[in-house]
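Everything on this sheet refers to the single structure shown next.
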Amino acid sequence: MFLRSSLLAAALLAASTTFAAAQSGRDAIAVPVLRPNVTVTGDLVRIGDVIDNAGPAAQIAIYRAPDLGTTGALPTAQVLAALRTHQVIGVDTRDIKEVAVTRLARTIDAKEIEQAIATALEHRNGFGDAANLTLTFDRDLQDMRLDASNSGAMQATAARVDPRSGRFDVTFEIENASGAAPAKLRFTGAAVETFEVAVLTRNVDRGDLLKSSDLVVERRPKAEIGGDAASRDRAIGMQTRRPMRANQPLKVADLVKPDLVQRDQNVTLIYQSAGLYLTTRGKALDGGTEGDVVNVLNPQSKRTISGIVTGRGQVTVEIATPKPVIVSEATASITTQEPAAASPVSATSPITPKSE
């Protein structure tokens, strides 16, 4: 009887020791804990992404990541089922109903891509500055998303352009920070060099004075306007040399300074010289802008006079100032001497006979 009691006591002691050891081991291993929000940079979701304390199973892939830059949701029960297939049990869910998975991405907007292509084509095959290149693409250019690890700059590795048609083919590479192969991007389309130019908003006749409302600024191809494009600021207040249609771009050669004097216009005629300023009325026989020489009829003298246009309705005639007479000292001294005595009659001088 004693022996049985001793064996039972020994068995209970052994069981107690085994339980304590097991309990101690369980306490030493951290319990896996579910995460409510997950972010990934690649195309796979791993066990170590969805739970803390994943241990050796952390690198096992269990899901494909959502699209670049998007977020997806996984029901907690579904996640636990996936974990059990890899012998990961006893997960503390903390009453989480679902797990949100976000795939990080690098977004390159369409404008940045267009600028990079223009820079790659700058000064190639006759093209000018990148700022003056207008691009069209074979496919609609949209914002692009890459893996967040593609953090390098866009480097043009190939840039080809046809100088006649403007067709281009440009390839870029973007370095990957994780050491993977760089991302490659390729774009094709056509490039046209354009310039800002003043464009007419209405039909104009020869000699029309251009106002602010007559002009807008547009970009037009270099082939259309050449290198003679007129800016809006320069065109305002100028006159047109010829009739022109609305929507027609202006060249510098199309413009002249406005006529300050019109043909047959009554003008102020100014006679001017040092110490003299005289005005009268006259009739312009020519039209002209500032600095032009025009003919003016003086209605009083009926004479035609040439003058320079110096203002609106104003013609100036410069009168030459006569040069002063310079009197030498010798001349001055002669005029101040006493009258000379009469000269004696020489032997050869004729004698005037006395009258009877």
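Every number here is computed from the coordinates shown, using simple stated rules; none is lab data. Source: prediction; values computed, not measured. No Cβ is skipped: glycine too gets one built from the backbone with ideal geometry, and neighbour counts run over all protein chains shown.
Tabulated values for the structure
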{"item": "Placed amide H near Val267: partners under 5 Å, 5+ positions off or other chain", "result": "Gly282, Lys283, Ala284"}
{"item": "Cut-off 15 Å, label 7 Å out along Cα→Cβ of Ile89, residues of segment 31-62 by amide N", "result": "32"}
{"item": "Ranked Ile89, Ile305, criterion: other C-beta atoms within 10 Å, fewest first", "result": "Ile89, Ile305"}
{"item": "Amide hydrogen neighbours beyond the local backbone of Ser151, cut-off 5 Å, H modeled", "result": "Ala177"}
{"item": "Neighbour-count ranking [beta-carbon atoms within 10 angstrom, fewest first] of Tyr63, Tyr277, Tyr271", "result": "Tyr277, Tyr271, Tyr63"}
{"item": "Exposure proxy order (Cβ contacts within 10 Å, fewest to most) of Val293, Val204, Val192", "result": "Val293, Val192, Val204"}
{"item": "Nitroxide proxy distance, nm - points 7 Å out along Cα→Cβ at Ala153 and Asp205", "result": "5.9"}
{"item": "Mean Cβ count within 10 Å, highest first, over the residues of peptides 38-44, 82-88", "result": "38-44, 82-88"}
{"item": "Segment 69-134 and segment 135-170: distance between their alpha carbon centers, rounded to Å", "result": "20"}
{"item": "Bridge type composition, segment 266-318 - antiparallel percent by DSSP, nearest 5", "result": "80"}
{"item": "Listed pairs Lys257/Lys283; Lys211/Lys251; Lys211/Lys257; Lys111/Lys251 exceeding 24 Å between Cα atoms", "result": "Lys111/Lys251"}
{"item": "Value of D in µm² per second that Stokes-Einstein yields for segment 107-193, Kirkwood Rh from Cα pairs, at 10 °C (1.306 mPa s)", "result": "119"}
{"item": "In segment 247-283, trypsin sites (Lys or Arg not before Pro) in a DSSP loop with at most 15 other beta-carbon atoms within 10 Å", "result": "Arg263"}
